[in-house]
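Visitor: Take a look at this one; I'll ask things after.
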Amino acid sequence: MEPTKEVSSEVDPYENMIQAGDNPDITKERKSASFNLYKMQCFVYEGQYKLKRRQEILDFVESHKEFDDPVHPHFLNREEQIDRATRKCVAMMNNLEAIDVTDYFDEAPLYQFLTIGRELHCLSLHYGMFLPTIQNQCDEEQLEEWLGPAASKAILGTFAQTELGHGSNLSKLETTATYDAKTQEFVIHTPQMSAAKWWPGGLGKSANYAAVMAQLHTNGENKGPHLFMVPLRDTTTHLPLPGITVGDIGPKFGINANDNGFLIFDNYRIPRRNMLMKYSKVEPDGTYIAPPHSKLGFGTMVLVRSLMIRDQASQLGSAAVIAIRYSAVRRQGEINEGEGEVQILDYRTQQYRLLPQLARSFAFLFAGYEIRATYLHVTKLIRHSANTELLPELHALSSGLKAVITWEVAQGIEQLRLSCGGHGYSRASAFPDIYTYAVGGCTYEGENIVMLLQVARFLMKIAKEVRTGTPKLAEIAEYIARTDSGAARVSRWKTCADEDIIHDFEAVTRKMIFSAFDRLKSLEGTMKKKEAWNACSIDLCKVARMHVKTYLVKNFLARVRTCEDSASKTVMHTLAKLYAFDLISGAGGHFMKGGFLSETQANQVQVDIYEMLNSLRPEAVALADSWAISDLELRSVLGRRDGNVYPALLEWAKASPLNKSEVLPTFDKYLDPMFKEGRSHLMEQAMVHEQQPASEPSPYANLIQHGDNPDITKERRTASFNLHKMQCFVYENAYKVKRRQEIHDYVKSNKDFEDPVHPYYLDRADYVDRATKQIVAMMRHTDAFDVTDYFDEGPLFQFLTVGKELHCFSLHYGMFLPTIQNQSDEEQLEEWLAPAMNRAILGTFAQTEMGHGSNLSKLETIATYDAKTQEFVIHTPTMSAAKWWPGGLGKSVNHAAVMAQLHTNGENKGPHLFFVPLRDTTTHMPFPGVKVGDIGPKFGINANDNGFLVFDNYRIPRRNMFMKFSKVEPDGTYVAPPHAKLGFGAMVLVRSLMIRDQASQLGCAAVIAIRYSSVRRQGEINEGEGEVQILDYRTQQYRLLPQLARSFAFLFAAYEVKAMYFKVTAQIQKSANTELLPELHALSSGLKAVITWEVAQGIEQLRLSCGGHGYSRASAFPDIYTYAVGGCTYEGENIVMLLQVARFLMKIAHEVRTGTPKLAEIAEYIGRKDSGRARVRSWKTCSDEEIVHDFEAVARKLIFSSYDRLHSLRGQMNKKEAWNACSIDLCKAARVMHTLAKLYAFDLISGAGGHFMKGGFLSEQQSDQIQADIYEMLKTLRPEAVALADSWAISDLELRSVLGRRDGNVYPAMLEWAKNSPLNKTEVLPTFEKYLEPMMKEGRSHLGISSEGTPHVVQCTASPLASACPLRVYAQARQTA
């Protein structure tokens, strides 16, 4: 059934959106909008009809029980996920009458998201690539043979192009198809391991056919890559055919319901006619007939990318909807004291995180519309006149849009997730699934750097034509030929014309294009063309990005002009300008070069952004609602339409499979024996290793061995430094390097720590079991390491045994024990410390609540003192007061240090800590009055049973309040603590440990990426010289080496903060002087915020640098990332941390201005006077002092600029309102405090060019020199890269990465890892008999095909419908049958 396109009459804009029982905050937001929601939704979706169809499809799916989920998909193991996706996919195919099957842009994707969710599945490539390949690459006879069965799903196919050793470089694929004229067959063969087909969706266990790309050899000649129709499995038994080895490649970052597979051929024969022969062919005698030259292949790619852009925009839109709705109902902190907690959407910093991302989502959606429309227009022209001139330009643009949009969508989703604090880390939020689904787009359908360089090649061609006076330009790129027209025209956002904004973007992009062109031509005079291209490639990528962003701005503004409703148009126009101004702000260095954008204009752009945020604030929720995304499609507890987040979050957590039982098997197996042992022993003394001088080993000891990949051995031998000496420098001395090896050897030699099954293959319950087993075993081997060394040996021992996981002991040692040690009086220490140290009890730290994170003063859990019984009554008064997130709380710990509001004698004395027993120490059952459980699966760290905790008037003795500093007397009298800043010290120490850990994670990621880049060969720089290591590409060096520099910068910062902490602590003990602690606390807060975010971004950059393989969990990147990125929200949310730094800086600025500064070494530069212009020059001659001078000068200027603006605003509003209005600038000032090395420093200057160029501090010539110096440093560091990575001295056991193996033998290890996937224990999964076999039998039955016969040829009498939509072919086949 194809729906009739009837246009509905206008409906109530709030129909279905505002209902009884909704959260009042979200209802208020919806009613505050200035535009009609329905009219805006019609604009967003191009008309009333499409909006109506969205609702009709939703109603259809919700009314059909075959689409129900009896168990939430987040609670399923991988095989169950595949079963669910296959079941739903087949059900979806059996209900195609619900949608217009030709609408693959809107209705088909919506139908899939509503039924299956954000997953690819076993039919994704069947419809996405296999069927289109048959339609577009087969001759008439082949269409007759294969189209009907494929469209009717009598056969199920995939598309096998990518290989283990080759991705984007099609011409160097290694799979061969050699023609045998005697038998008229092709012999398909995998000549070596790197030639194994890798990644095709559905290949692992589902597909029985594949369109295979292989090098065609005939009559002794290689004719290049061609496509072949290859049967893989018997159509009856589903077993692989002889000569075929096929299987699943194992778990990935996301899309785990899809059985991506590997495929190996062993001289496997197929008929000659199984070569797809529409354009080229091989005659029976082996004669090769070449295809006619054609650019029409561009068209398909453009269409596919328009679908990708549409999909990516939808994912960013979904993330924005969740974050904005949640920010409307989440209340945290006060802006004006005494006026109650505000919606976090009221904070300027929150608006700055959310609204530009919402603007991006619409910009990308409208770009998808425009590319699709342009493609259809060009296709129509080609049909009428065969003119393909416009296709290359459109192809280049679509390539650039794919690259820019997929990366910005990934970054945007993570920004939106982080804006939701800790709850964004839970899979209940949907953010982890949205991110892992969307970020795959950065590498599939063309790796992003490759895509950008395609755009750059087109732009350089245009630049050459313009310079030679022969340009052939379509509308998209015609601006390149215009002449420059003076300075920037951008002005106040309310009066600035669209044409002025477009003028400025075009002028800047034009200048960048010709600057890159001139540099390229200059380099071509000194080296080969391809070498010059490689040397210039970083600039070329920047040019390509700016060209794409210029298009996005122009298209967004143009689309807004088509809006017919004036109220909707006004709001959307503001959003479009916000998008443009935010881009100008982010690319300030490019706009300010040569004085094009003045400092006054740059400052005004920033002020205008803040004004637009303020203007859009009341429209935010309604703008999010304009996406018209239902709860079923969103699948998010945080983003629910009704805003009732907290009850839904608790309900979701209770459904966690770990909560089916109060006591997990881990208690009887590991924890109970440990508790009993702890109770029966006295506290053991920790073993402290005496530091003995280590003899100097060979610099290559254990690193270069027989059988290593020769590329990685060559790299190690090219280093100019002694590796051991470098490692001693990195780890501060030879002793620590020696201890790393000794601890590694100890763990390797103990069977207690062996993993019979790779942890990545375990479901969550088994994962928790493994971690508990390993950590209890670790506690029995504390003689192996210095337990007092929580900076190096402790974390190393844990990573070697448990891996990159938090576990049930993490908060016991990290927070519970330190709380007892630092907050207990002598009597309490006597009672609690020994049991906690001996693990006779196991505790956690319960502070965060479901409704409160960073704002300690507004916690809701109460502890009311009852003087009659001398007890505290602990109670959870509202659902939002439930304790949420404490590690180990769910199922492991039996005690907690609980933060609660202390009430005594009718007064609230604020938050205090209490020692609270939770579970019976014998049975492990929760005590009456205590409800406790696991909060469900998360983005990462799923071996840790983070929990929720609800008290129902639960009583504890008076002495269970921690009483070292404050206390309650038996009669209820409250004794306040002495004023002290000593609490800062513990936070500084914890953050130094965090920084050390984060540096280590970035170091691990850099090691993996650099080692892999040294053994991965892809493409040629100089033709005919063979494929090069991808580490030779300048763009790859630019991705890797600055991140390696960051990892060392962060490590050394951690050392310094730790040393400063101990120095300050010693001074306090000696003289009780705490003056330096606030400054050190501010620095550690800022380092925590800056480093955790930069580490997260860096790990993802490094993962993406490894292409598709970085998406596999075999690479270890997904686990490193999900472990590290949690640091952005725990131990203080990053924006809160930055504002703490800013508060300290504004205090210092005030003291400097009033002549009363009290400055320690860290911030003394703020009191200095400015000293002229930038001193930075060529990196080889520039001194450290000159670099530091320039950073301090820019930081100083930012600080006083923010201070002046803050004081200016205080003249118009109260202090807290002024602080909120100024908070974005204040965060920027805090970010400049870094410890620097030259590459790191120059890369920072390059990235923050706008700040350095303000007021002419850094000249255009200096800016260009910095960029040139970065490229020189990359070139200089290139031969040192692997050895520098080895300097981290990270073993394979700690790294746990197939890609980053010491020996560089990646491909054999990758295949071995995949073969161990649990899905490969059997050749045929149950999904075949349950869903796929009945589907294929039905397809064969409809077409009159027998199930018997040769699997090589499937005969069919279907009519040739080559130009039809695949789903329409299937639908018509069903109707005919």
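Visitor: Would you kindly derive the ³J(HN,Hα) couplings of region 193-199 from the backbone phi angles with the Karplus curve 6.51 cos²θ - 1.76 cosθ + 1.60 (θ = phi - 60°), listing them in order in whole Hz, with x for Gly and Pro?
Guide: Using θ = phi - 60°, the values come out as 4, 5, 8, 4, 5, 9, 4 Hz.
Visitor: To the nearest 0.05, what FRET efficiency results for Lys676 and Glu907 with a Förster distance of 41 Å applied to their C-beta separation?
Guide: That gives a FRET efficiency of 0.40.
Visitor: Amide H neighbours of Ala896 under 5 Å, at least 5 residues apart or on other chains, H built in the peptide plane: list them.
Guide: HN-HN under 5 Å from Ala896: Thr844, Val916, Leu918.
Visitor: Whenever you get a sec, line up Phe721, Phe914 from highest to lowest accessible area (probe 1.4 Å, protein heavy atoms).
Guide: Largest to smallest exposure gives the sequence Phe721, Phe914.
Visitor: Taking 0.36 nm per residue of sequence separation and subtracting the Cα-Cα distance, how much length would be gained by fully extending the chain between Leu239 and Thr102, in nm to one decimal?
Guide: 45.9 nm
Visitor: Can you pull the one-decimal nm distance between simple spin-label points at Asp59 and Lys1169, each 7 Å off the Cα toward Cβ?
Guide: With each label placed 7 Å out from Cα toward Cβ, I get 7.7 nm.
Visitor: From largest accessible area down, sort Glu1161, Glu1094, Glu651, Glu611; use a 1.4 Å probe on the protein chains.
Guide: On the way: Glu1161 155, Glu1094 35, Glu651 120, Glu611 65 Å².
Ranked from most to least accessible, the order is Glu1161, Glu651, Glu611, Glu1094.
Visitor: Whole-Hz ³J(HN,Hα) for each residue in region 508-524, computed from phi via Karplus 6.51 cos²θ - 1.76 cosθ + 1.60 with θ = phi - 60°, x for glycine and proline: what do you get?
Guide: Working through the residues one at a time gives 5, 5, 4, 4, 5, 4, 6, 5, 5, 4, 5, 5, 4, 5, 4, 5, 5 Hz.
Visitor: Right, here's the next one. Rounded to the nearest 5, what % of DSSP beta bridges with both residues in the chain are antiparallel?
Guide: Rounded to the nearest five, the antiparallel share is 80 percent.
Visitor: What spacing in nm lies between the two simple spin-label points modelled at Asn722 and Asp1292, each 7 Å away from Cα in the Cβ direction?
Guide: 2.8
Visitor: Using alpha-carbon positions, what is the distance between the centroids of region 1005-1028 and region 1112-1132, in Å?
Guide: 26
Visitor: In what sequence, largest accessible area first, do Phe927, Phe1144 appear using a 1.4 Å probe? List each step's numbers first, then the result.
Guide: Details: Phe927 60, Phe1144 30 Å².
Largest to smallest exposure gives the sequence Phe927, Phe1144.
Visitor: Continuing with this model, one more query. So for region 35-160, if I pair up every lysine 8 or more residues apart or on another chain, how many of those pairs have alpha-carbons under 27 Å apart?
Guide: Final tally of qualifying lysine pairs is 9.
Visitor: Mind checking which lysines have their C-alpha under 25 Å from Lys1169, skipping anything on the same chain fewer than 8 residues away?
Guide: Lys1147, Lys1158, Lys1197, Lys1228, Lys1238, Lys1254
Visitor: How long is the gain from Asp285 to Thr483 if the chain were fully straight, where each residue apart is worth 0.36 nm and the alpha carbon distance is subtracted? Intermediate values should be presented prior to the final figure.
Guide: Values: separation 198, 0.36 × 198 = 71.28 nm, distance 5.90 nm.
Using 0.36 nm per residue and subtracting the Cα-Cα distance, I get 65.4 nm.
Visitor: Then there's this: Taking H as built 1.01 Å from N, whose amide H comes closer than 5 Å to the amide H of Arg269, not counting residues under 5 places away?
Guide: Ile188
Visitor: To the nearest 10 Å², what's Arg545's accessible area with a 1.4 Å probe?
Guide: 80
Visitor: Still on this structure, I have one more. Just to confirm the number: angle between the C-alpha axis of helix 48-62 and the first principal axis of the chain, 0 to 90 degrees, nearest 10?
Guide: The two axes meet at around 70 degrees.
Visitor: Run the helix sum for the chain: -39,500 (n - 2.57) per DSSP H stretch of 4+ residues, divided by residue count, reported at 222 nm to the nearest 500 deg cm²/dmol.
Guide: -15500 deg cm²/dmol
Visitor: Taking 7 Å along the Cα-to-C-beta vector as the label spot, tell me the Gln411-Asn750 distance in nanometres, rounded to one decimal.
Guide: If labels sit at Gln411 and Asn750, their model points lie 4.4 nm apart.
Visitor: Is the shape of region 756-893 rounded, prolate or oblate, going by the alpha carbon gyration tensor and its root eigenvalues a ≥ b ≥ c, with a/c under 1.5 for rounded and a/b larger than b/c for prolate?
Guide: Judged from the Cα gyration tensor, region 756-893 comes out oblate (a/c at least 1.5, b/c at or above a/b).
Visitor: So what's the gap between the Cα centers of region 751-816 and region 590-610, to the nearest angstrom?
Guide: 51
Visitor: Report which label in (i) 99, 78, 73; (ii) 116, 98, 71; (iii) 119, 118, 66 holds the value of Cα extents along the principal axes in Å derived from the coordinates of this structure.
Guide: Comparing each candidate, only (i) matches the computed number.
Visitor: Subtracting the Cα-Cα distance from 0.36 nm times the residue separation, let me have the gained length for Ile18 to Ala765 in nm, one decimal.
Guide: Taking 0.36 nm per residue and subtracting the Cα distance, the gain is 264.9 nm.
Visitor: I'd like the accessible area for Lys472: 1.4 Å probe, protein heavy atoms, all chains in place, Å² to the nearest 10.
Guide: Accessible area, nearest 10 Å²: 150 Å².
Visitor: Now, a different point. For His1150, what accessible surface area do you get with a 1.4 Å probe? Give it in Å², rounded to 10.
Guide: In the full protein context, His1150 sits at about 80 Å².
Visitor: Oh, and also: Would you mind checking the pairs Lys938/Lys1063; Lys773/Lys931; Lys28/Lys931 and listing those with alpha carbons more than 32 angstrom apart?
Guide: Over 32 Å Cα-Cα: Lys938/Lys1063; Lys28/Lys931.
Visitor: Still on this structure, I have one more. Karplus couplings for region 748-759 from phi (6.51 cos²θ - 1.76 cosθ + 1.60, θ = phi - 60°), rounded to Hz, Gly and Pro as x?
Guide: Each residue's phi maps through the Karplus curve to give 4, 8, 9, 5, 4, 9, 6, 10, x, 10, 4, x Hz.
Visitor: Another question about this same structure. Mind scanning Lys964/Lys1070; Lys748/Lys1058; Lys669/Lys738 and naming the pairs with a C-alpha gap bigger than 23 Å?
Guide: Lys748/Lys1058; Lys669/Lys738
The values are calculated or read from the model by the stated rules, or taken from the named source; none is laboratory data. This one's a predicted model, so the numbers in the text were calculated from it and none came from an experiment. Cβ sites come from the backbone with ideal geometry, for glycine too, and all protein chains shown count toward neighbours. SASA here: full protein model, heavy atoms, side chains in, ligands and nucleic acids out. Shrake-Rupley method; radii C 1.70, N 1.55, O 1.52, S 1.80 Å.
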